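The values are calculated or read from the model by the stated rules, or taken from the named source; none is laboratory data. On a predicted model such as this, the values are computed, not experimentally measured, just so you know. Here the Cβ is made from the backbone with ideal geometry for all residues, glycine too, and neighbour counts use every protein chain on show.
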């Protein structure tokens, strides 16, 4: 009986070690290797680089832009901190959500006096589900054109051309809406104006 339990213990230890190596090392190396071959940009974090080769962000994580010369993204209650993805799950009647929304509307009025509040796209005053969304709707980008063009001394047509260049289609041509990546748009805008 003692010998049988010793053999069983040995089998358990060997099986555990094999599974640890297989699942903890080999699987992870295989998945990482396949991702690096099939989609290296995404596997490395979809990083965006400046002209000097420095990392300025990721195509998949939004950033906070407040300069009037730049396009602004969605509100993020977590300040785009990727380590804390998610947003408060406030009901529409929650006083904190109402206060933050009113604050965003007042900031819009100050920063975009040429665009009435009734033309303010909802995605500019609401969080995305993750709080990290780098995209805004095409309407949200177009609504900011008067401020951006005036602040940069550009014509509205020039800025609209830039927005159109950065408009991304629906997923597989079917799902979701057309969007604009704010970081990529602002990167090209800064390249034109510097």
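If the requirement is being touching a residue at least 40 places away in the same chain (Cβ under 8 Å) and either assigned to a strand (DSSP E or B) or loosely packed, with under 12 Cβ neighbours inside 10 Å (or both), which of these qualifies: 24, 73, 53, 57? None of the other options fit; the residue is 57. Remark: residue 30 falls outside the filter, which requires a residue to be outside the structural domain of residue 183 (by TED's automatic domain parsing), under 25 Å from residue 168 (Cβ atoms) and exposed (fewer than 15 other Cβ atoms within 10 Å of the Cβ).
How many residues are assigned to a loop (DSSP other than H, G, I, E, B), farther than 23 Å from residue 160 by Cα and either under 12 Å from the mean Cα position of the chain (by Cα) or modelled with pLDDT of 85 or more (or both) if we restrict to the range 40-50?
Of the range 40-50, the ones assigned to a loop (DSSP other than H, G, I, E, B) are 44-46, 50.
Keeping just the survivors that are farther than 23 Å from residue 160 by Cα gives 44-46.
Then keep just the ones that are either under 12 Å from the mean Cα position of the chain (by Cα) or modelled with pLDDT of 85 or more (or both); that gives 45-46.
The total comes to 2.
Restricting 80, 90 to residues that are surrounded by 17 or more Cβ atoms within 10 Å (Cβ to Cβ) and either in a loop (DSSP other than H, G, I, E, B) or touching a residue at least 12 places away in the same chain (Cβ under 8 Å) (or both) narrows the list to 80. Scanning the range 155-169 for residues that are closer than 23 Å to residue 107 by Cα and touching a residue at least 12 places away in the same chain (Cβ under 8 Å) gives 159, 160, 163. Exactly one residue out of 146, 113 is in contact with a helix residue (DSSP H, G or I) (Cβ under 9 Å, 6 or more places away or on another chain), within 17 Å of residue 67 (Cβ to Cβ) and free of Cβ contacts under 8 Å to residues at least 24 places away in the same chain: that is 113.
There is at least one residue in the range 154-174 that is farther than 15 Å from residue 73 by Cα, in contact with a strand residue (DSSP E or B) (Cβ under 7 Å, 6 or more places away or on another chain) and surrounded by fewer than 22 Cβ atoms within 10 Å (Cβ to Cβ).
Of the residues screened, residue 173 is one that is assigned to a loop (DSSP other than H, G, I, E, B), assigned by TED's automatic domain parsing to the domain that holds residue 86, on the phi > 0 side of the Ramachandran plot and without any contact (Cβ under 8 Å) to a residue 12 or more places away in the chain. The residues of the range 116-133 that are touching a residue at least 24 places away in the same chain (Cβ under 8 Å) and assigned to a loop (DSSP other than H, G, I, E, B), listed by number, are 125, 126, 127, 128, 129, 130, 131, 132, 133.
Taking the options 150, 106, name whichever one is out of contact with any strand residue (DSSP E or B) (no Cβ under 8 Å at 6 or more places or on another chain), closer than 19 Å to residue 187 by Cα and in a helix (DSSP H, G or I).
Exactly one of 150, 106 is out of contact with any strand residue (DSSP E or B) (no Cβ under 8 Å at 6 or more places or on another chain), closer than 19 Å to residue 187 by Cα and in a helix (DSSP H, G or I), namely 150.
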